[in-house]
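Report on the following structure.
The values are calculated or read from the model by the stated rules, or taken from the named source; none is laboratory data. In this text the structure is predicted, and so the values were computed from the model without any measurement. Please note: Cβ atoms are built from the backbone with ideal geometry, for glycine as well, and neighbour counts cover all protein chains shown.
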Amino acid sequence: MRVRGAGHRLGHLLRHRGRAVAAGLAVTAAALVAAGPRAATDPPRAERPRKHPVTRPARPHAPPMDMVSAPVRIADAATVRLLRPGDRVDVVAAGDPATGGQARVIVRGVRVTELPEPVEGTSQSGALVVLSVPHAAAARLVGASATARLAVTLC
């Protein structure tokens, strides 16, 4: 089967390549205009700021804190067996149901530094964990451990 006039159209296109190039340039220019109109007062592209500047870090570095090691007795010894040195945990103080108190987070994202071996006969009273905490948080942690049962959640 032969398409009538196809050879003529191809020959016509080859003879008038300039028009095809001009049409391609016109389409490209239209795409550039549609991509982002610029006001007459906009600086040239080389002088415009980028969308995501990298001149300063996204989060400023926090000043170094005065860290201390705080031994804490966690009520559930089985939970402590899941921990490893280097883990990050939140310490939660359980509320006293008799007074209607709710659980509250004492410290967030503190590092487990040590897991001492349990002493015989102390498994009923939980397990000891040594945490690296900011100095100010250590006082809150000790105060909470004196009045409430403590638990940890892995971060």
Can you run down the residue pairs with Cβ atoms below 9 Å, 6 or more apart or on separate chains, where the first is in region 133-152 and under 19 Å from Gly101 (Cβ atoms) and the partner is at pLDDT below 90 and hydrophobic (A, V, I, L, M, F, W, C)? Ala148/Ala94; Ala148/Ala103; Arg149/Ala94; Leu150/Ala94; Leu150/Ala144; Ala151/Ala94; Ala151/Ala103
Which of the residues that make up region 56-70 are modelled with pLDDT of 90 or more and either assigned to a loop (DSSP other than H, G, I, E, B) or surrounded by fewer than 14 Cβ atoms within 10 Å (Cβ to Cβ) (or both)? Ser69
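Say whether the condition of being more than 30 Å from Val133 (Cβ to Cβ) and modelled with pLDDT under 60 is met by at least one residue in region 22-32. Even if it seems obvious, please write down each step before you answer.
Step one: filter region 22-32 for residues more than 30 Å from Val133 (Cβ to Cβ), giving 22-32.
Those left that are additionally modelled with pLDDT under 60: none.
No, region 22-32 contains no residue that is more than 30 Å from Val133 (Cβ to Cβ) and modelled with pLDDT under 60.
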If you check Arg48 against the conditions, is it modelled with pLDDT of 60 or more and of a type in the set (Lys, Arg)? no
Is it true that Val152 is in a strand (DSSP E or B), among the hydrophobic types (A, V, I, L, M, F, W, C) and under 23 Å from Gly95 (Cβ atoms)? yes
